Amino acid sequence: MFYRIVLIHGFFKTYKDMKNLEEYLTNMGYQVDNLNFPLTFPKLEISVELLKNYLLDIKSKKLNESEEIVLIGAGFGGVLIRETLKDSQLKGIVDKIILISSPINDSKLLRRLKRIFVFIDFIFQPLSIYQKIRKDKVSFDKNIEVGLLIGTETEGFFGSWLGEFNDGLVDLKDADLKDIKDKVLIPITHKEIHRKIGTARYINNFIAKGKFKLE
């Protein structure tokens, strides 16, 4: 089996934030595409269209039927994956999704910040998608294997605003999903979870065996 891994960075970040993970996974023998998206100021729809076109391009050029596409979203990158894969044209392209501390359900931190900075999601427009997300039920195609890696070590000022289990920016409840293939809680902060070799090893396990921790 041949795997193409696609890395998708988070809010207020660029592809450079995923460089460590790209290097680890490349050294493990994977083909890795580390993509860049405008996930700070422009509307999320722009990034959705970019990711959609990338996936359609893969579909049109796919020569090896044994190739599997693995999307890995760090933080808000998981939200971009979720919104993009709602498009029926992309059905059947993606085989696996791994979300790394991704506030896929909601963002408790954003709700707290909006009490102070009312127009925060007008300035940082990708965040306005949460108004829609709160009304939607999160769902991925049943044929896609989904795994969650969630940090639980809090830090900093924002961590004190969140629930008992958080990684300093994302509350556990905001990142958790039901009916998934596997999930691991890791005692590490949001800023570091995607930069550790241990995270790359978990990813390798999930891709190869369908679970993060091997007996």
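Brief remarks on what is shown
- Residue check for S107: touching a strand residue (DSSP E or B) at 6+ places or on another chain (Cβ under 6 Å), of a type outside the set (A, V, I, L, M, F, W, C), within 15 Å of D176 (Cβ to Cβ) and touching a residue at least 40 places away in the same chain (Cβ under 8 Å): no
- Leading residue by the ranking (modelled with the lowest pLDDT) among those in segment 110-153 that are among the β-branched types (V, I, T) and more than 30 Å from A208 (Cα to Cα): I133
- For segment 34-86, a residue qualifies if it is polar (S, T, N, Q) and surrounded by 18 or more Cβ atoms within 10 Å (Cβ to Cβ), and the qualifying residues are N34, S47, T84.
- None of E49, E65 is charged (D, E, K, R) and closer than 18 Å to T14 by Cα except E49.
- For segment 39-52, a residue qualifies if it is in contact (Cβ under 8 Å) with a residue 60 or more places away in the chain and within 16 Å of the chain's Cα centre (by Cα), and the qualifying residues are L39, T40, L44, S47.
- Subset of segment 56-82 (residues that are in contact (Cβ under 8 Å) with a residue 40 or more places away in the chain and of a type in the set (A, V, I, L, M)): I58, I69, V70, L71, I72, A74, V79, L80, I81
- Here I98 does not qualify as β-branched (V, I, T), touching a Phe, Trp or Tyr at 6+ places or on another chain (Cβ under 8 Å) and over 18 Å from N205 (Cβ atoms).
- Matching residues, segment 12-32, being among the hydrophobic types (A, V, I, L, M, F, W, C) and crowded, with 20+ Cβ neighbours inside 10 Å: M18, L21, L25, V32
- When every residue of segment 121-132 is checked against the conditions, none turns out to be in a loop (DSSP other than H, G, I, E, B) and either β-branched (V, I, T) or under 29 Å from M1 (Cα atoms) (or both).
- Hey, F37 in contact with a Phe, Trp or Tyr (Cβ under 8 Å, 6 or more places away or on another chain) and assigned to a loop (DSSP other than H, G, I, E, B) or not: no
- In segment 133-149, residue farthest from K181 (Cα to Cα) [restricted to those that are hydrophobic (A, V, I, L, M, F, W, C) and assigned to a loop (DSSP other than H, G, I, E, B)]: V138
- Criterion (within 15 Å of the chain's Cα centre (by Cα), assigned to a helix (DSSP H, G or I) and not polar (S, T, N, Q)) met by exactly one of D17, D57: D17
- Scope segment 150-197; condition open to solvent by 30 Å² or more (accessible area, probe 1.4 Å), free of Cβ contacts under 8 Å to residues at least 60 places away in the same chain and not in a loop (DSSP other than H, G, I, E, B); matching residues: G156, F157, F158, L172, D182, K183, L185
The values are calculated or read from the model by the stated rules, or taken from the named source; none is laboratory data. Worth saying up front: this structure is predicted, and the values here are computed from it rather than measured. Cβ coordinates were reconstructed from backbone atoms using ideal geometry, including for glycine residues, and neighbour counts include every protein chain displayed. Surface accessibility is based on the protein's heavy atoms, side chains included, excluding ligands, DNA and RNA. Shrake-Rupley method; radii C 1.70, N 1.55, O 1.52, S 1.80 Å.
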